[in-house]
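**Student:** I'd like to ask you about the structure that follows.
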Amino acid sequence: MTHRVLVIEDEEAYRETLKYVLTNEGFDVQVAANGAAGVDAFRDFHPDVVLLDLMLPRMSGTEVLRRIRLGSDVPVIMVTAKDEQHHKIAGLELGADDYVTKPYAARELIARIRAVLRRSAVTHEEALDEREPVETAHGITLNPERLTMERDGKVVPLPPKEFALLLLLMQNRGRVLTRETIIARVWGEDYVGDTKTLDVHMKRLRSRIEDVPAEPRLLVTVRSVGYTMEDEGHG
């Protein structure tokens, strides 16, 4: 299977080099030189993974990512010269799967692309393994076939990573799972991205299911260890 890679990059040297290197690696590559063109290319090209620069003309990389996430969970790797912590967090909060700063080694970038593609495939395959809805605690029902959460009669579609994270915690409710265990189970043992992505996904899940997300009663942080979902009767 030939995977499609969309490169949204305004610097011609990076853009053309990436296209050359990735094509030689067997990828089908499409490039866009600005944010607006990138959004159009995403809609028409249907990529399997996106390499997205943060600083773009005509539309910022964060806005491009926001628009992608409105209707797609395709893996997105932020590629940018910005290495400050708040830029990384902003990208992760919008749903980026990984983060690479310039200058980067081509081999490392290719390895990260292949890793997010593997994780994406595994997430979807595992979700489809179960064909019946999974009843869970606290009145929440997960449907692995549709990647949806139902609570109080409301059905909410979940991005694959959020679904996998919530399912893992529900299946282990009452047990404390370390950050390392969660990342290995949800993102894969070969994950080399920023571990803050776990906190970002947890924040989004809390916003969906907690009455007061800032004071969680179901998805609880265990300081210096990891996270747990409270067992029935304790939430």
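Only the coordinates and a few stated rules stand behind these numbers; no lab work does. Just so it is clear, the model here is predicted, and its values are computed rather than measured. A quick note on method: Cβ atoms are made from the backbone with ideal geometry, for glycine too, and the neighbour counts reach across all protein chains shown.
**Student:** Testing the spin-label approximation: label points 7 Å from Cα along Cα→Cβ at residue 175 and residue 21. State their distance in nm.
**Tutor:** The answer from the label model is 4.0 nm.
**Student:** With the Cα gyration tensor of the range 4-123 giving a ≥ b ≥ c as the square roots of its eigenvalues, does the rule (a/c under 1.5 for rounded; else a/b larger than b/c for prolate; else oblate) give rounded, prolate or oblate? Walk me through the numbers on the way to the answer.
**Tutor:** Numbers: a/c = 1.14, a/b = 1.09, b/c = 1.04.
Here the range 4-123 falls in the rounded category.
**Student:** Using Cα-Cα distances under 8 Å and only pairs 6 or more residues apart, what relative contact order does the range 4-123 have, in percent?
**Tutor:** Numbers: 194 pairs, mean separation 26.8, N = 120.
Averaging sequence separation for qualifying contacts and normalising by length gives 22 percent for the range 4-123.
**Student:** If you don't mind, there's one more thing I want to ask. Give me the percent relative contact order of the range 156-235, please, defined on Cα pairs under 8 angstrom at least 6 residues apart.
**Tutor:** Relative CO of the range 156-235 lands at 38 percent.
**Student:** Report, in debye and to the nearest 20, how large the dipole of the range 1-115 comes out about its Cα centre when Lys and Arg carry +1 and Asp and Glu carry -1 on their Cβ. Present the calculation step by step, with values, prior to reporting the outcome.
**Tutor:** Working: 14 positive and 19 negative charges, 25 e Å.
Dipole of the range 1-115, to the nearest 20 debye: 120 debye.
**Student:** How large is ³J(HN,Hα), in whole Hz, for each residue of the range 212-222 in order, when computed from phi with the Karplus curve 6.51 cos²θ - 1.76 cosθ + 1.60 and θ = phi - 60°, using x for Gly and Pro?
**Tutor:** 10, x, 6, 10, x, 10, 9, 9, 9, 7, 9
**Student:** Which whole-number percentage describes the relative contact order of the chain, with Cα contacts under 8 Å and a sequence gap of 6 or more?
**Tutor:** 13 percent
**Student:** For residue 168 paired with residue 190, estimate the spin-label separation in nm (one decimal), with each label point 7 Å from Cα along the Cα-to-Cβ line.
**Tutor:** In this crude label model, residue 168 to residue 190 measures out at 1.7 nm.
**Student:** At 222 nm, what helix-only mean residue ellipticity would the chain give, in deg cm²/dmol to the nearest 500, using -39500 (n - 2.57) for each DSSP H run of four or more?
**Tutor:** Numbers: 8 runs with 100 residues, N = 235.
Helices in the chain give a 222 nm mean residue ellipticity of -13500 deg cm²/dmol.
**Student:** Work out how much length residue 66 to residue 214 would gain on full extension: take 0.36 nm times their residue separation and subtract the Cα-Cα distance, in nm to one decimal. Can you show the working numbers first?
**Tutor:** Working: separation 148, 0.36 × 148 = 53.28 nm, distance 2.31 nm.
Stretched fully, the residue 66-residue 214 segment lengthens by 51.0 nm.
**Student:** Any chance you could run the full-extension gain for residue 11 through residue 108? It's 0.36 nm times the residue separation minus the Cα-Cα distance, nm to one decimal. Display every interim value, and only then the final one.
**Tutor:** Details: separation 97, 0.36 × 97 = 34.92 nm, distance 1.95 nm.
Here the segment from residue 11 to residue 108 would lengthen by 33.0 nm.
**Student:** Under 17 Å between alpha carbons, and skipping anything fewer than 8 positions from residue 88 in its own chain: which lysines qualify?
**Tutor:** Hits, sequence-local ones excluded: 102, 196, 203.
**Student:** Let me ask something else. Tell me, what HN-Hα J-couplings in whole Hz come from the Karplus equation 6.51 cos²θ - 1.76 cosθ + 1.60 at θ = phi - 60° for each residue of the range 158-174, using x for Gly and Pro?
**Tutor:** Taking θ as phi minus 60°, the curve returns 10, x, x, 5, 5, 4, 4, 5, 5, 4, 4, 5, 5, 5, 10, 4, x Hz for the range 158-174.
**Student:** Tally the DSSP beta bridges in the chain and give the antiparallel ones as a percent, rounded to 5. Intermediate results must be reported in sequence, preceding the final value.
**Tutor:** Values: 16 of 33 bridges.
Antiparallel: roughly 50 percent of the beta bridges in the chain.
**Student:** Using a Förster distance of 25 Å, how high is the FRET efficiency between residue 145 and residue 86, based on the Cβ-Cβ distance and rounded to 0.05? Could you put the intermediate results ahead of the total?
**Tutor:** Numbers: r = 38 Å, r/R0 = 1.52.
E between residue 145 and residue 86, to the nearest 0.05, is 0.10.
**Student:** By how many nm would the segment from residue 207 to residue 28 lengthen if fully extended, with 0.36 nm per residue of separation less the alpha-carbon distance? Don't jump to the answer; show the numbers that get you there.
**Tutor:** On the way: separation 179, 0.36 × 179 = 64.44 nm, distance 3.72 nm.
Additional length available on full extension: 60.7 nm.
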